[in-house]
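What follows is calculated from the coordinates using simple rules that are stated; it is not laboratory data. Please read these numbers as outputs of a predicted model, since none were measured by experiment. Positions of Cβ are backbone-derived with ideal geometry, glycine not excepted, and every protein chain shown enters the neighbour counts.
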Amino acid sequence: MIIRPHGGILVNQMLSEQEGKAILQNEKEFFSLTIDDEKAVEVQNIATGLYSPLQGFMNRSDVNEILQHDRLASGFAWTIPIVLDIGDEDCKRVRRDQTILLIHRDRPIATLKVEDIFGWDRDLFARQVFGTEDPKHPGVAKLQGMGPHLVGGLVHQIIPPFSDFSDYYLTPRETRVLFGEKQWQTVVGFQTRNVPHLGHEYVQKTALSTVDGLFINPVIGKKKAGDFTDRVILDSYRALIERYYVPDHTVMSILQTEMRYAGPKEAIFHAIVRKNFGCSHFIIGRDHAGVGSYYHPFAAQAIFDRFPDLEITPIFFMSFFFCRTCNSIANDKTCPHQGDARIDFAGKIIREKLVNNEIPPENMMRREVSQEILKSPTPFVTGV
């Protein structure tokens, strides 16, 4: 049996086509609030059940409980508040019990039934979620640009699910149906915001050897400058999967959300999301969702000890490398060789090769993957 969603029920806040049309016919009766791409994706993730058990943007009690105890007010584990911020002018026009229209790219996409309007402490949020108030941290820096008020309430999406990468997009209901059709009872999820190197392949296939299926789930959304672009990540993984993975045991679909770079707190959040997709297991490697030196390399693994009720099983990978003597990828448990025999999967070396339009060594990255990356004139995010 496929694992239960977080909270026990897969949330569905998608309105029928008829219900959506009825709202749009009376569009002028609603106060409208314009939201950006990232918030529109959050709306959809709530509505499709990806953020189960959430049914809307968080109210004061949920936010406070998360910041104090990493739990929702209902008691379920949750580590990152999902909030809708507004400015002073909009705050004057929004009131409790009001239903407002959320506008994205000049079209209404959802309604929000306002339950709560409240101020928030950015510094407290930064300390509890990111573990730092340093404005150089990309997550903390984003907080500084957010509005001084938060609006909580039920969300209902009035348009069909959308994605700029529709060929790779599946809702949690769709992945659960797909896993069922493949007769997968155990599924391991793999989070990535990078192109694949041989170390990633080793981790994925090692984990796959213990379960029925592998769910490769790249994060698609806003990233920091220097990260690989969404398109390059997807194209390079497609090239890898087509040549080196067993189709009956591998699925790739995207996770549309922005990277928060919250390290251990984001690792728990990512595990919950994969649980909602239908994953029974989740891979946590070195410095998961980290940035710079803000987190211990294995802090994202240690935090799982605090959440024994999470239900999804983490699979930890400490270190791995290519051994010249073994002529294979190995780890400290499988390889006795030291020193120059070991080649670490250094992202810096791979990146430098790609920047110089060179193919990285084949003991680091598949040639097909390198060639796919080099097809792009701009493989890296710029100007964020």
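A few remarks follow.
- Sites Ala341 and Ala302, calculated FRET efficiency, Cβ-Cβ separation with R0 35 Å, nearest 0.05: 0.75
- Inter-part distance where segment 89-163 and segment 222-273 are each reduced to a Cα centre, Å: 25
- At R0 = 35 Å, FRET efficiency that the Cβ-Cβ distance of Asp123 and Arg238 yields, to 0.05: 0.25
- Highest-first arrangement of 240-251, 40-51, 129-140, where packing means the average Cβ count within 10 Å: 40-51, 129-140, 240-251
- Relative to the longest principal axis of the Cα atoms of the chain, the long axis of helix 60-69 makes an angle of roughly 30 degrees.
- The C-alpha atoms of the chain define a longest principal axis, and helix 37-47 lies at about 80 degrees to it.
- Placing a pseudo-label 7 Å from each Cα along the Cα-to-Cβ vector at Glu29 and Glu352 gives an inter-label distance of 6.5 nm.
- Computed label-point distance, nm, for sites Lys142 and Gln371 using a 7 Å Cα→Cβ extension: 3.6
- Rough spin-label spacing in nm, given labels placed 7 Å along Cα→Cβ, for Asp248 and Ser319: 3.9
- Residue with peak Gaussian network fluctuation, the chain [Cα springs, cutoff 10 Å], from Ala346, Ala262, Ala299: Ala346
- Max mean-square fluctuation residue, GNM over the chain, Cα-Cα springs under 10 Å, options Lys182, Lys348, Lys265: Lys348
- For Asp37 and Asp88, the difference between the fully extended length at 0.36 nm per residue and the C-alpha to C-alpha distance is 16.3 nm.
- Label zone of Asn363 (point 7 Å out along Cα→Cβ, amide N under 19 Å): in segment 282-319 this covers 319.
- Trypsin sites (Lys or Arg not before Pro) within segment 283-336: DSSP coil, no more than 11 neighbouring Cβ in 10 Å: Lys333
- Restricting the GluC sites (Glu not before Pro) of segment 281-384 to loop positions (DSSP other than H, G, I, E, B) with no more than 14 neighbouring Cβ atoms within 10 Å leaves Glu358, Glu362.
- In summary, the aspartates and glutamates within cross-link reach of Lys39, defined as a Cα separation below 13 angstrom excluding same-chain residues under 8 places away, comprise Asp85, Glu258.
- The value given for segment 89-162 is a Kirkwood hydrodynamic radius of 14.3 Å, derived from the mean inverse Cα-Cα separation.
- In degrees, nearest ten, helix 172-181 long axis to first principal axis of the chain (Cα): 50
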